[in-house]
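K.L.:
I am attaching a structure below and will ask some questions about it afterwards.
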Amino acid sequence: MLRIPCPFCGTRDHSEFSYGGDASVEYPALEAPAEAWLEAVFQRDNIDGVQLETWQHLHGCRMWIVVERDTRSHEIHSVRPAHEGLASALAQSADPVNES
Amino acid sequence: MKPYSAWNVFRNGLSRQKGWERAWRDPEPKTEYDVVIVGAGLHGLASAYYLAKNHGITNVAVLDKGWLGSGNAGRNTTIVRSNYMMPGNREFYEHSLKLWENLSHELNYNVMFSQRAHVSLLHSPAARDGAARRYNTMRLTGADGELWDLPTLKRKIPHLNYSADSRFPIIGATVQPRAGTARHDAVAWGYARGADQRGVDIIQNCEVTGVERTANQVTGLKTSRGIIRGKKVGFAVAGNTSRLWRMAELGKLPIESHKLQAFVSEPLKPLLDQVVVFGVGGAHFYISQSDKGGMVFGGDLDWYKSYAQRGNLPIVQDVAECATSILPCLGRVRLLRHWSGVMDMSMDGSAFLCKTPLSNLYLNAGWNYGGFKASPASGWYFADLIANDRPDPVILNHTLSRFERGINIDERGAGPDPKLHG
Ligand SMILES: Cc1cc2nc3c(=O)[nH]c(=O)nc-3n(C[C@H](O)[C@H](O)[C@H](O)COP(=O)(O)OP(=O)(O)OC[C@H]3O[C@@H](n4cnc5c(N)ncnc54)[C@H](O)[C@@H]3O)c2cc1C
Ligand SMILES: [Zn+2]
């Protein structure tokens with residue numbers, strides 16, 4: 001079982017979360033050429049090591065987060081909100097994050 | 001090498017089993033071969049076998065970082081079927097099933113192929129219509145497929161949960177009678193022995209750690225046992241494909257590595273004669289009984305990318321719930337072992353058997369979790385591709401470039417999300 005520290009809810013079992021995918025993918029502008037979309041939609045580095053990936057805390061606060069995780073050991077190095085507005089809102093919040 | 005036969009079993013019984021030879025050699029690697037295949041799983045070994053058998057190319061090495069069959073070859077739930085619908089896939093898997101039907105004779109090795117029928121449970125009229133369409137399409141390619149109504153299913157498998165109160169009541173099944181199971185290790189050993197007999201060197205404990213290349217060719221493989229060169233090189237490393245691809249500095253691939261678990265229970269008396277599949281709503285579950293009596297089953301991926309060959313606990317609970325919901329009689333059966341393998345999940349759920357940007361490098365990958373059944377045909381067509389440097393029409397679209405041409409082969413219609421294919 002992975003234990004993921006949600007920036008809002010604290011550390012929870014990964015079964016509360018839903019796996020998104022490779023967070024290093026940057027989607028191009030709508031009018032970008034087909035090659036750019038091919039790259040974003042289909043081509044993956046598939047890293048054996050530390051990668052960035054998105055998860056959603058589906059059965060919790062429903063926040064999308066970016067997790068830095070080692071795909072060989074499953075060790076989690078960092079977690080942050082995927083949405084910058086949420087990240088800064090949380091940073092300003094008076095309550096310290098509940099790291100249970 | 002003496003063929004295996006009833007007479008040899010009898011004779012060796014009289015001579016205290018002293019007359020057996022080892023099944024394959026353990027040769028030192030040569031520095032150069034006509035063809036070098038990386039990965040001594042089922043696909044690599046079958047490819048080497050058919051290179052020698054069908055094309056007379058015997059100066060071949062198969063390299064593996066561990067022992068042969070140490071990857072997914074020895075970790076799968078051994079289901080063999082050809083109920084695929086997309087053009088290309090259905091010809092490919094039906095060809096594979098035909099090869100399975102003669103494989104024990106072909107290899108002079110009992111792969112214990114048991115055509116016990118593959119039964120996919122149905123739970124709604126819409127699912128039945130969809131399945132009927134799929135199975136009718138298969139029949140056009142020469143595969144077999146049947147629809148069983150509820151009375152037939154109850155007669156064939158009386159102890160499924162037919163309760164009308166169950167969350168997903170069973171209304172019938174689609175069935176492929178020629179499908180079944182085989183002994184996975186025996187398939188690896190049979191292909192290894194057959195390839196070795198024809199002169200192929202199987203080099204175990206030989207990890208490829210680097211790829212030497214020019215602008216358009218592979219010139220050599222750096223391995224833990226020195227540099228090995230192949231005039232032609234094939235990659236058949238399943239979940240490790242992206243690693244090798246990076247060593248060759250070829251960039252990205254439409255593949256992600258995910259892990260899949262398998263489970264086996266304590267041995268029981270004969271209980272289940274078929275392979276049964278339960279897939280509705282969030283459930284995905286398949287079960288059969290091995291010849292030793294263990295219930296062999298599995299379900300979904302672990303849902304996140306991984307190169308670790310170990311599974312997580314939520315899936316254990318998930319498959320246990322599926323098991324008891326369709327076969328409540330298993331409620332008190334104990335789990336004996338579970339393990340996992342690293343799957344090469346592709347963007348559309350179909351495989352790659354193709355040429356690559358390097359003129360003498362060939363790729364065999366993207367098997368998702370259906371590569372066991374594929375192994376005979378995979379070896380067959382991959383050998384043909386390497387020998388003749390052009391794809392057979394059946395694998396014409398099993399290329400890396402299919403995505404840019406918009407001709408994805410998506411059996412499940414799940415879209416470009418590798419974890420959703422199976
Ligand atoms: C739990 C589970 C259940 C499955 N169930 C089914 C099923 O019911 N039906 C079905 O059809 N399929 C099933 N599959 C899928 C099937 O097992 C695989 O698709 C298939 O075995 C992959 O091909 P392979 O045998 O050649 O791979 P592998 O056996 O994984 O072979 C690849 C080999 O490459 C070697 N290798 C990797 N990197 C290197 C390197 N750098 N240098 C040298 N060697 C290297 C590895 O050691 C390995 O031996 C299942 C898989 C799993 C894990
Ligand atoms: Zn949360």
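The values are calculated or read from the model by the stated rules, or taken from the named source; none is laboratory data. This is a predicted model, so every value here is computed, not measured. Counting neighbours? That spans all protein chains shown, and the Cβs are built from the backbone with ideal geometry, glycine included. Side chains are part of the model used for accessible areas, which takes the heavy atoms of the whole protein and leaves out ligands, DNA and RNA. Shrake-Rupley method; radii C 1.70, N 1.55, O 1.52, S 1.80 Å.
K.L.:
Relative to the longest principal Cα axis of chain B, at what angle does helix B:125-140 sit, 0 to 90 degrees, rounded to 10?
P.N.:
So the helix axis and the longest Cα principal axis differ by about 40 degrees.
K.L.:
Probe 1.4 Å, all protein chains in place: accessible area of B:GLU101 in Å², nearest 10?
P.N.:
Accessible surface of B:GLU101 is approximately 80 Å².
K.L.:
Packing-wise, with mean Cβ within 10 Å as the measure, how do B:69-78, B:355-364, A:18-27 rank, highest first? Let's see the in-between values first.
P.N.:
Values: B:69-78: 22.5, B:355-364: 20.8, A:18-27: 15.0.
Averaged packing, sorted descending, gives the order B:69-78, B:355-364, A:18-27.
K.L.:
Can I ask one more? Can you pull the Kirkwood radius for segment B:380-422, inverse mean 1/r over Cα pairs, to one decimal in Å? Working shown, then result.
P.N.:
On the way: mean 1/r = 0.0837 Å⁻¹.
One decimal place: 11.9 Å for the Kirkwood radius.
K.L.:
As a test of the definition: with a 1.4 Å probe, what buried accessible area, both sides summed, do you compute for A against B, in Å² to the nearest 100?
P.N.:
That pair hides around 2200 Å² of surface in total.
K.L.:
Of the GluC sites (Glu not before Pro) in segment B:175-279, which ones lie in a loop per DSSP and count no more than 12 other C-beta atoms within 10 Å?
P.N.:
Values: sites: B:GLU207, B:GLU212, B:GLU249, B:GLU256; in loops: B:GLU207, B:GLU249.
Listed in order of number, the matching sites are B:GLU249.
K.L.:
Is any residue of segment B:79-115 close enough, with backbone N under 14 Å, to a label point placed 7 angstrom from the Cα of B:ASN8 along the Cα-Cβ axis, and if so, which?
P.N.:
B:105-111, by backbone N distance to the label point.
K.L.:
Regarding chain B, what's the average projected area of the Cα-atom convex hull, expressed in nm²?
P.N.:
Reported value for the Cα convex hull: 20.8 nm².
K.L.:
Here's another thing I want to ask about it. Helix-only mean residue ellipticity at 222 nm, the protein assembly as shown, DSSP H runs n ≥ 4 weighted -39,500 (n - 2.57), per residue, nearest 500. What is it?
P.N.:
Details: 12 runs with 135 residues, N = 522.
Computed mean residue ellipticity for the protein assembly as shown: -8000 deg cm²/dmol.
K.L.:
Next up: Beyond 19 Å between alpha-carbons counts as too far, so tell me which of B:LYS65/B:LYS222; B:LYS156/B:LYS269; B:LYS355/B:LYS419; B:LYS252/B:LYS419; B:LYS232/B:LYS355 fall in that bin. Walk me through the numbers before you get to the answer.
P.N.:
On the way: B:LYS65/B:LYS222 12 Å; B:LYS156/B:LYS269 17 Å; B:LYS355/B:LYS419 25 Å; B:LYS252/B:LYS419 17 Å; B:LYS232/B:LYS355 11 Å.
Violating the 19 Å Cα-Cα cut-off are B:LYS355/B:LYS419.
K.L.:
Right, next: How well do other chains shield peptide B:297-308, expressed as the mean number of their Cβ atoms within 10 Å of each residue Cβ?
P.N.:
Values: counts 0, 0, 0, 0, 1, 4, 5, 13, 11, 8, 9, 6.
Taking the mean over all residues of the peptide, I get 5.
K.L.:
Another one. Ratio of Rg to Rh for segment A:3-95, alpha carbon only, Kirkwood? Display every interim value, and only then the final one.
P.N.:
Values: Rg = 14.8 Å, Rh = 14.5 Å.
Ratio of gyration radius to Kirkwood radius: 1.02.
K.L.:
Take the solvent-accessible surface of the protein heavy atoms, probe 1.4 Å, and return the percent of it on chain B that carbon and sulfur atoms account for. Please list the in-between numbers first.
P.N.:
On the way: 8980 of 17160 Å².
Whole-percent figure for carbon plus sulfur exposure: 52.
K.L.:
Right, something else. Which trypsin sites (Lys or Arg not before Pro) does segment B:155-188 hold that lie in a coil by DSSP with at most 13 other beta carbons within 10 Å?
P.N.:
On the way: sites: B:ARG155, B:LYS156, B:ARG167, B:ARG178, B:ARG183; in loops: B:ARG167, B:ARG178, B:ARG183.
Passing sites in segment B:155-188 are B:ARG167.
K.L.:
Restricting to chain B, what percent of DSSP beta bridges are antiparallel, rounded to 5? Kindly include the intermediate steps, with their values, before the conclusion.
P.N.:
Working: 49 of 68 bridges.
Approximately 70 percent, going by the DSSP bridge assignments.
K.L.:
Taking every pair of distinct Cα atoms and averaging 1/r, then inverting, what Kirkwood hydrodynamic radius in Å comes out for segment B:338-393?
P.N.:
Taking the inverse mean of 1/r over all distinct Cα pairs, segment B:338-393 comes out at 12.2 Å.
K.L.:
In chain A, which cysteines lack any other cysteine Cβ under 4.7 Å from their own?
P.N.:
Within chain A, the cysteines lacking a partner Cβ under 4.7 Å are A:CYS61.
K.L.:
Would you be so kind as to list the residues of segment A:52-95 that have their accessible area lowered by at least 10 Å² in the full protein complex compared with their chain by itself (1.4 Å probe)?
P.N.:
Residues meeting the cut-off: A:TRP55, A:ARG69, A:THR71, A:ARG72, A:SER73, A:HIS74.
K.L.:
A further question on this structure: Order these peptides, B:184-190, B:60-66, B:400-406, B:345-351, by their mean beta-carbon neighbour count within 10 angstrom, highest first.
P.N.:
Working: B:184-190: 21.9, B:60-66: 24.0, B:400-406: 15.4, B:345-351: 26.1.
Going by the mean number of other Cβ atoms within 10 Å, highest first, we get B:345-351, B:60-66, B:184-190, B:400-406.
K.L.:
Could you give me the ³J(HN,Hα) list for segment B:246-255, computed from phi with Karplus coefficients 6.51, -1.76, 1.60 and θ = phi - 60°, whole Hz, x at Gly and Pro?
P.N.:
My calculation for segment B:246-255 gives 5, 4, 8, 6, 9, x, 8, 9, x, 9 Hz in order.
K.L.:
Taking the inverse of the average 1/r across all pairs of different Cα atoms in the protein assembly as shown, what Kirkwood radius in Å do you get? Kindly include the intermediate steps, with their values, before the conclusion.
P.N.:
Working: mean 1/r = 0.0408 Å⁻¹.
It works out to 24.5 Å.
K.L.:
Counting pairs of Cα atoms in segment B:125-250, how many percent are more than 24 Å apart?
P.N.:
Working: 4682 of 7875 pairs.
In whole percent, the long-distance tail amounts to 59.
K.L.:
With a 1.4 Å probe and all protein chains kept in place, how do B:THR209, A:THR71 rank by accessible area, largest first?
P.N.:
Working: B:THR209 85, A:THR71 0 Å².
Putting B:THR209, A:THR71 in descending order of accessible area: B:THR209, A:THR71.
K.L.:
Another question, then. Can you tell me the Rg and the Dmax, both Å, for the Cα atoms in segment B:4-144?
P.N.:
Just the Cα atoms of segment B:4-144 yield Rg and Dmax of 20.0, 62 Å.
K.L.:
Hey, another quick one. To the nearest whole number, what is the average tally of beta carbon atoms from other chains within 10 Å of the beta carbons of peptide A:9-17?
P.N.:
Working: counts 0, 0, 0, 0, 3, 5, 7, 0, 2.
Other-chain Cβ atoms within 10 Å of each residue's Cβ, averaged: 2.
K.L.:
Shifting gears a bit: May I ask you to list the lysines whose Cα is less than 23 Å away from that of B:LYS98, ignoring any residue fewer than eight positions away on the same chain?
P.N.:
The qualifying lysines are B:LYS53, B:LYS373.
K.L.:
Is there a simple number for the mean count of other chain Cβ atoms within 10 Å of the Cβ of residues in B:403-410, and what is it? Please list the in-between numbers first.
P.N.:
On the way: counts 4, 7, 1, 2, 0, 1, 0, 0.
Counting other chains' Cβ atoms within 10 Å and averaging over B:403-410 gives 2.
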